[in-house]
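The values are calculated or read from the model by the stated rules, or taken from the named source; none is laboratory data. As the structure is a prediction and not an experimental result, all values here were calculated from the model. A quick note on method: Cβ atoms are made from the backbone with ideal geometry, for glycine too, and the neighbour counts reach across all protein chains shown. Heavy atoms of the whole protein, side chains included, go into the accessibility calculation; ligands, DNA and RNA do not. Shrake-Rupley method; radii C 1.70, N 1.55, O 1.52, S 1.80 Å.
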Amino acid sequence: MEDRLDTLPRRLLHQAAVRPRHPATREKDLGIWQAWTWKQVATEVRAIACGLAAIGFKRGDHLAIIGDNRPRLYWAMAAAQCLGGVPVPMYQDAPANEFVYVLNDAGIAYAFVEDQEQVDKMIEARPQVPTLTHVVYDDSRGLRNYTGPGFEGIVSYEDLVAAGREHDHAHPGYFDDEVAAGRPDDVSVMLYTSGTTGKPKGVRQTHRAFLVASEGGIGFDALGPADSVLSYLPMAWVGDHLFSYAQWIVAGFTINCPESGDTVMTDLREIGPTYYFAPPRVFENLRTQVMIRMEDAGALKRKLFGWAMGIAKGCGAEILDGKRVSPGDRLAYALGNLFVYGPLRNVLGMSRIRVAYTAGAAIGPDLFRFYRSIGINLKQLYGSTETCAYVCLQPDGGVKLETVGPPAPGVEVKIGDNGEVLVRGAMLLKEYYRRPDATAESIDPDGYFRTGDAGLFDADGHLKIIDRAKDVGRLASGTMFAPNYIENKLKFFPHIKEAVAFGHGRDRVCAFLNIDIGSVGNWAERRGLAYSGYTDLAAKPEVLELVRQCVEQVNAELAVEPGLADSQVRRFLVLHKELDPDDDELTRTRKVRRGFIAEKYGVLIDALYDGRAVQHIETQVKFEDGKTGKIAADVVIADAKTFPAGAGRLAA
């Protein structure tokens with residue numbers, strides 16, 4: 001790193017100095033894209049920082065950031081860092097009662113939020129969070145009357161910035177001195193873990209850690225100012241903080257904030273980013289939409305699409321990787337690109353993408369191959385909140401469908417005696433906030449972080465993740481049981497949205513499944529199968545048979561994998577409701593809370609293993625308005641065909 005460019009604020013000011021007129025941030029508002037240059041962003045950040053200082057924010061204080069991806073929220077994050085403070089982004093879709101724990105744990109006195117919805121949550125949480133005294137809001141719609149008793153300390157962005165400019169005028173050297181006082185090993189952000197097995201922990205990362213991760217990724221994929229990113233994933237997630245914040249400041253490219261969550265796909269097509277990240281579920285949903293549209297298309301279009309995809313499957317990935325392909329295949333692919341792949345990339349908003357990444361969960365080989373075969377350079381990465389989302393990266397020309405790539409530049413990875421993936425490097429967390437015990441437990445005596453994932457290296461040094469180490473168990477027979485591995489295989493099917501496998505200590509594997517109502521709903525409509533909602537659709541015998549075919553295909557694949565033939569799913573059921581973060585069944589990053597689900601749906605697990613064909617259940621659910629209700633259903637339990645070891649794929 002260049003001298004004195006060793007903190008994120010100094011990097012931001014450097015971008016403003018070297019490319020003042022280059023667009024740094026764009027936002028779509030009322031259908032129109034608005035842009036701010038690096039110089040304008042630096043000016044706004046300075047005003048926000050001085051405004052925070054005017055209301056008492058100081059070095060070491062925590063600033064909660066809550067809302068959708070908005071330029072001012074990113075700028076507020078930078079402003080807090082300029083003063084030596086620590087931004088604490090939080091998941092914007094969480095209800096007020098979920099905010100209470102993090103607000104108290106982080107000792108939040110200052111919050112910067114998006115709109116009336118988030119202000120209302122802060123007001124609701126205040127009685128349980130005595131430290132919370134100041135709330136700044138970005139969007140003022142609906143907040144005109146939020147003054148007087150009960151609304152103390154609630155101010156608009158405009159008022160904060162006006163106070164900041166006055167403070168800056170009265171103390172002209174203050175801002176520059178605070179930026180100069182920052183050190184690379186100062187904490188730059190606190191990101192909370194998803195809390196899969198317990199209360200979330202505050203992961204404290206330094207400027208140095210995110211600069212190392214950013215520079216490593218930027219150099220690896222040759223990113224620069226000409227690149228453009230769509231920033232739409234939760235700001236509280238480490239991936240967004242790396243791609244849309246730290247790398248943005250280091251590389252000097254442009255981030256684009258969509259108008260709303262509902263317009264992301266439209267905005268994606270309008271922006272045409274060159275650098276893109278999405279979890280596997282987004283890529284799966286996009287492909288499902290394409291397949292649904294093709295099923296509804298005319299016969300000629302379906303035939304052309306089928307021919308082109310056959311060509312792409314045969315040689316598309318090889319052409320993308322620069323490998324040798326016969327002239328005939330290359331000509332056929334060029335025709336397919338003219339009539340199908342090119343228009344399809346354009347519809348998906350991916351016509352300009354140079355690099356696309358996915359992470360957070362396994363991605364199915366067929367899904368992975370689909371995107372690469374139509375010319376989209378989709379790759380996998382591996383990382384976590386504690387590693388700045390930076391451990392392994394797949395290199396261009398060296399992408400393997402079943403691995404997450406070799407260790408990223410500057411990262412050391414080894415496999416522990418128990419199969420756990422261990423990681424060491426400058427991108428590791430500084431500590432868990434107020435949890436010295438957890439910090440000590442997470443790092444071994446040699447400085448390696450215990451990821452909690454079980455994995456192995458292939459012959460080329462590429463890492464393959466098998467499951468969470470704590471989730472790997474044994475069947476009653478003593479053979480290995482890796483539930484997440486089985487669940488991911490099930491979720492590779494567009495008809496299956498979520499899966500939870502059971503089997504540790506038992507004689508066989510059984511599973512809960514959620515259908516994808518979009519995919520299965522379209523399938524049902526094309527067959528004239530009427531339904532009134534998720535519960536009704538999930539109970540249809542035809543849907544159960546559709547899901548059975550998916551389960552049996554997974555069983556066929558497991559039968560030929562060494563040591564996994566006993567992990568075939570013997571019995572399954574389609575849950576009567578969708579697993580939901582609001583019902584505490586999933587984390588905000590949609591990770592399964594396995595223990596909670598096992599306890600909540602114990603009667604269904606018993607029914608699976610007792611051989612029952614039907615089980616009645618009533619389940620309490622939470623609605624968006626905070627009210628609760630119950631869903632009752634008779635859940636049908638089905639048996640699935642299994643295959644002898646080594647014969648599954650052939651039998652399938």
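Numbers for the structure displayed
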read-out: Only listed residue being in contact (Cβ under 8 Å) with a residue 60 or more places away in the chain and over 28 Å from Ala213 (Cβ atoms), chosen from Met309, Met294; value: Met309
read-out: Hits in segment 338-376 (condition: touching a Pro at 6+ places or on another chain (Cβ under 6 Å), at pLDDT below 90 and not aliphatic (A, V, I, L, M)); value: Gly360
read-out: Matching residues, segment 240-259, being open to solvent by 10 Å² or more (accessible area, probe 1.4 Å) and over 24 Å from Arg345 (Cβ atoms); value: Val250
read-out: Residue ID - surrounded by the fewest Cβ atoms within 10 Å (Cβ to Cβ), chosen from residues in segment 361-380 that are hydrophobic (A, V, I, L, M, F, W, C) and touching a residue at least 60 places away in the same chain (Cβ under 8 Å); value: Ala361
read-out: Top-ranked residue in segment 337-349 [being in contact with a helix residue (DSSP H, G or I) (Cβ under 8 Å, 6 or more places away or on another chain) and among the hydrophobic types (A, V, I, L, M, F, W, C); ranked as farthest from Pro279 (Cα to Cα)]; value: Phe339
read-out: Inter-residue pairs, beta-carbon under 7 Å, first more than 24 Å from Lys303 (Cβ to Cβ) and in segment 339-355, second aliphatic (A, V, I, L, M) and open to solvent by 20 Å² or more (accessible area, probe 1.4 Å), 6+ apart; value: Gly349/Met265
read-out: From the options Asp467, Asp453, Asp446, residue that is closer than 19 Å to Val423 by Cα, open to solvent by 60 Å² or more (accessible area, probe 1.4 Å) and among the acidic types (Asp, Glu); value: Asp446
read-out: Any hit, segment 112-131, residues being over 30 Å from Thr37 (Cα atoms), open to solvent by less than 40 Å² (accessible area, probe 1.4 Å), in contact (Cβ under 8 Å) with a residue 60 or more places away in the chain and of a type outside the set (A, V, I, L, M, F, W, C); value: no
read-out: Only one of Ala317, Ala312, Ala278, Ala308 that is under 26 Å from the mean Cα position of the chain (by Cα) and under 14 Å from Ser373 (Cα atoms); value: Ala317
read-out: Residues located in segment 190-231, provided they are among the hydrophobic types (A, V, I, L, M, F, W, C), touching a strand residue (DSSP E or B) at 6+ places or on another chain (Cβ under 8 Å) and either over 23 Å from His62 (Cα atoms) or at pLDDT below 95 (or both); value: Phe220, Leu223, Val229, Leu230
read-out: Residue in segment 499-516 that is assigned to a helix (DSSP H, G or I), buried (at least 20 other Cβ atoms within 10 Å of the Cβ) and within 27 Å of the chain's Cα centre (by Cα) present; value: no
read-out: Scan of segment 432-443 for residues that are touching a helix residue (DSSP H, G or I) at 6+ places or on another chain (Cβ under 8 Å) and surrounded by fewer than 20 Cβ atoms within 10 Å (Cβ to Cβ), ordered by number; value: Arg434
read-out: Test for Arg330: is it surrounded by fewer than 20 Cβ atoms within 10 Å (Cβ to Cβ), among the basic types (Lys, Arg) and not in a helix (DSSP H, G or I); value: no
read-out: Residues of segment 553-583 satisfying the condition of being over 21 Å from Leu604 (Cα atoms) and of a type outside the set (A, V, I, L, M); value: Gln553, Asn555, Glu557, Glu561, Pro562, Gly563, Asp566
read-out: Unique match (being open to solvent by 10 Å² or more (accessible area, probe 1.4 Å), out of contact with any Phe, Trp or Tyr (no Cβ under 7 Å at 6 or more places or on another chain) and within 24 Å of Gly252 (Cβ to Cβ)) among Ala79, Ala42, Ala47; value: Ala42
read-out: Whichever residue in segment 520-537 is open to solvent by 10 Å² or more (accessible area, probe 1.4 Å) and not in a loop (DSSP other than H, G, I, E, B) and, among such residues, is nearest to Ile631 (Cα to Cα); value: Thr535
read-out: Residue within segment 621-632 that is assigned to a helix (DSSP H, G or I), at pLDDT below 95 and either basic (Lys, Arg) or exposed (fewer than 14 other Cβ atoms within 10 Å of the Cβ) (or both) present; value: no
read-out: Any hit, segment 467-477, residues being over 30 Å from Val614 (Cα atoms) and either in contact with a Lys or Arg (Cβ under 8 Å, 6 or more places away or on another chain) or assigned to a strand (DSSP E or B) (or both); value: yes
